[in-house]
Amino acid sequence: MKPERPQALDSHPLLARIGGTPLVEIQLAREMGVRLFAKLESVNPGGSIKDRPVARMLRQAVAEGRFVGGRRLLDSSSGNAGISYALLGAALGIPVTLVVPGNASEERLARIAAHGAELILTDPLEGYDFALREAKRLAQTHPERYWYCDQYSNPENWRAHYETTGREILKQLAQQGLGPPDAFVAGVGTGGTITGVGRRLKEARPDAYVAAVIPETFPGIEGLKPLGHPGDIVPAILDEPLIDQRIPVTLEEAVSLCRRLAREGLFVGPSSGAYVHGALQLAATGRFRILVTVLNDTGERYVSTGMWKRAA
């Protein structure tokens, strides 16, 4: 049976397993005469980087009594944050409702459902922003039923990366005798990773270069927003002035990098491939010696999309 009230997050053993992920070196960059490091986030309990901000947002929400009276946690997600919400919700006795675009991979949807979360699927042709608007509509219509976490606006999102991901990068590089990196490459989903890590790295090294990979509008890349188009919702927590360069990337380029990384033993999803593509684009300029990115999740989450389909 589920507990009558949410269990305190700090007392749950799953929390101790979030973060502290390995910093691995991408050998593809060695061929270009640079060193590229990446945080391997698939080892988190929920299989992705989203465990970090979700755990912090839930910790704050529990402390503030947001779920008293049986209110449900509500948010929109492209999939990975949804898994983190569902996982921690199941562990802590917090009921969860998630609004997810219908083109999220089958593996993500199955994992969310397995943890008992309620799924509301939106038309994939409407994009991620439609799911965000639908979650806001539900929150406004049923305030007594839902507590709306709103990862796009919740400052605990970027703070999780400032306090953990960014701090770990600096510590792990120092353990290898290296200082803060010359450049950091990520993308924008909610804006939490690039804002939190970017701020931490620029504090340590003011001239650290921050680049954002920007996918095409269609077919797009799961978890990444194609910013810059009329009507796009820009996440409230995104620190846009922090970004020094935007690097365009296609799904084909991202998947191609995923397949190359698999030959190194790194089995990752398309957003990770997009990040590495962007990092290699920066490496090719010859301006940067040490670069860092993140590998957001595992490639096993995308088998149903066909990206790992073997050639005939």
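Please treat every number below as a calculation from the coordinates, not as lab data. Keep in mind it's a predicted model, so treat the numbers as computed, not measured. Glycine also receives a Cβ, built like all others from the backbone with ideal geometry; neighbour counts cover every protein chain displayed.
Tabulated values for the structure
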quantity	calculated
Residues Lys50, Lys225, Lys39, sorted so that the one with the fewest Cβ neighbours within 10 Å comes first	Lys39, Lys225, Lys50
Eligible aspartates and glutamates near Lys225 by straight Cα distance, threshold 12 Å, same-chain separation 8 or greater	Asp129, Glu216
Debye intensity ratio I(q)/I(0), log10, the range 51-148, q values 0.21 Å⁻¹ (C-alpha model)	-1.04
Length-normalised contact order for the range 51-148 - Cα pairs under 8 Å, 6+ apart - percent	32 percent
Cα-based reach from Lys136 at 17 Å (exclusive), listing aspartates and glutamates while leaving out same-chain residues under 8 positions away	Asp75, Glu118, Asp123, Glu126, Glu144, Asp150, Asp232
Descending principal axes extents, the chain, alpha-carbon based, whole Å	58, 44, 37
The chain - percent relative contact order, Cα under 8 Å, separation 6 or more	20 percent
Packing-based order for 254-266, 186-198, using average beta carbon neighbours within 10 Å, highest first	186-198, 254-266
The range 51-148, dipole about Cα centre (Lys/Arg Cβ +1, Asp/Glu Cβ -1), debye to the nearest 20	400 debye
Trypsin sites (Lys or Arg not before Pro) within the range 141-176: DSSP coil, no more than 15 neighbouring Cβ in 10 Å	Arg145
Centroid-to-centroid separation of the range 57-86 and the range 89-149 [C-alpha atoms, Å]	11 Å
Packing-based ranking, highest mean first, of 288-296, 123-131, 63-71 given that Cβ atoms within 10 Å are counted	288-296, 123-131, 63-71
Using alpha-carbon coordinates, inclination of helix 51-63 to the longest axis of the chain, degrees	30 degrees
Fewest-first ranking of His115, His277, using other Cβ atoms within 10 Å as the exposure measure	His115, His277
Footprinting exposure proxy for Trp158, Trp308, Trp147 (fewest neighbouring C-beta atoms within 10 Å first)	Trp308, Trp147, Trp158
Angle between the chain longest axis and helix 128-141 axis [Cα atoms, degrees, rounded to 10]	30 degrees
Shape parameters for the range 136-264, alpha-carbon atoms, Rg then Dmax in Å	16.8, 54
Euclidean distance between Cα centres, the range 10-51 to the range 251-312, Å	14 Å
CD proxy at 222 nm, helix term only [per DSSP H run n ≥ 4: -39500 (n - 2.57); per residue of the chain; nearest 500]	-10500 deg cm²/dmol
